[in-house]
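A short worksheet on the structure shown next.
The values are calculated or read from the model by the stated rules, or taken from the named source; none is laboratory data. Because the structure is a prediction, the values reported are computed rather than measured. A quick note on method: Cβ atoms are made from the backbone with ideal geometry, for glycine too, and the neighbour counts reach across all protein chains shown.
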């Protein structure tokens, strides 16, 4: 029997049928812009991996969150080091850096934020409730 790829093993181990892994293709129009033309720095990536957990029973929290974190760690060696801002993990996690999310644009984003929102009025909008 042939060993399965890490992504397939992670999918096979998912805690329930509502939990899934989505692989989206990138390229095309998204790759025709320069990374300097917008805040999205990962324009040369060919794929986007989304680890999506869904459950209703609070007793399943540990299993689902644990699976998502383990899947993330398993797939990290195959990644380019970038993270899409909407897939940046939980609020209590600080293991995803601004560099991974914004790349070389992190400095420019901070400059824009400082100029247009010096009092951090919109900071709460970036956090989940």
Residue within region 27-43 that is within 30 Å of residue 107 (Cα to Cα), touching a helix residue (DSSP H, G or I) at 6+ places or on another chain (Cβ under 9 Å) and in a helix (DSSP H, G or I) present
yes
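Among the residues in region 103-120, are any in a loop (DSSP other than H, G, I, E, B), more than 26 Å from residue 49 (Cβ to Cβ), touching a helix residue (DSSP H, G or I) at 6+ places or on another chain (Cβ under 9 Å) and at pLDDT below 80?
First, pick out the residues of region 103-120 that are in a loop (DSSP other than H, G, I, E, B): 117-120.
Restricting the remaining residues to those that are more than 26 Å from residue 49 (Cβ to Cβ) gives 117-120.
Retained after the next criterion (residues that are touching a helix residue (DSSP H, G or I) at 6+ places or on another chain (Cβ under 9 Å)): 117, 120.
Add one more test, that the residue is at pLDDT below 80, and what stays is none.
The answer is no; no qualifying residue exists.
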Test residue 30 against the criterion of being at pLDDT 90 or above, closer than 30 Å to residue 5 by Cα and either surrounded by 12 or more Cβ atoms within 10 Å (Cβ to Cβ) or out of contact with any strand residue (DSSP E or B) (no Cβ under 6 Å at 6 or more places or on another chain) (or both), and give yes or no.
no
Selection over region 39-59 where residues are surrounded by fewer than 16 Cβ atoms within 10 Å (Cβ to Cβ) and over 14 Å from the mean Cα position of the chain (by Cα) yields a count of 9
